[in-house]
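The values are calculated or read from the model by the stated rules, or taken from the named source; none is laboratory data. Because the structure is predicted, anything quoted here is derived from the model rather than measured. Cβ: placed from backbone, ideal geometry, glycine included. Neighbour counts: every protein chain shown. Only protein heavy atoms, including side chains, enter the accessible area calculation; ligands, DNA and RNA are left aside. Shrake-Rupley method; radii C 1.70, N 1.55, O 1.52, S 1.80 Å.
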Amino acid sequence: MFRRAFWFTTGAAAGVWATTKVQRKIRSLAPDALALRAADKAVEGGHRLREFAQDVRAGMVQRESELKDALGLAAPDEGARPRALPARRAVAARRQPSALPRQQTVRQLGTVRADGPGEQPDHTHSNDRNEDH
């Protein structure tokens, strides 16, 4: 008699355990549960992506400061114009800004200009190569 009661109780417990396990699996595969799980994974992926982007930006800033130190460039002050590279400063120092005559300014713009009545228009442009087309 005890032997039959033991097996009956063991079978009932196994049945309850199996039914509970199957019900949980069915609930986890329901469409709303899948959508909720997908949304959670998407949010988690977004957080990871944001952390990665912040790490990349921090690395970029660090590397940029290392390169500036290696090139001897200082960080610009707030409101100041950005500094040119040393080679550009040397080229700019050789150039002397001068006022251009009115005619050169018009030619640079590429406009057709005749100075007075009866004169031929000046068709020279900055990109004119005197090619016959």
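Is it the case that Ala92 is assigned to a helix (DSSP H, G or I) and modelled with pLDDT of 95 or more? If you could, list the steps in order and put the result at the bottom.
Details: assigned to a helix (DSSP H, G or I): yes; modelled with pLDDT of 95 or more: no.
Taking the combined requirement at face value, the residue does not satisfy it.
Residue pairs whose Cβ atoms lie under 8 Å apart, sitting 6 or more positions apart in sequence or on different chains, and linking a residue in region 48-72 that is open to solvent by less than 100 Å² (accessible area, probe 1.4 Å) to a partner that is modelled with pLDDT under 95 and not aliphatic (A, V, I, L, M), are Gly72/Pro86.
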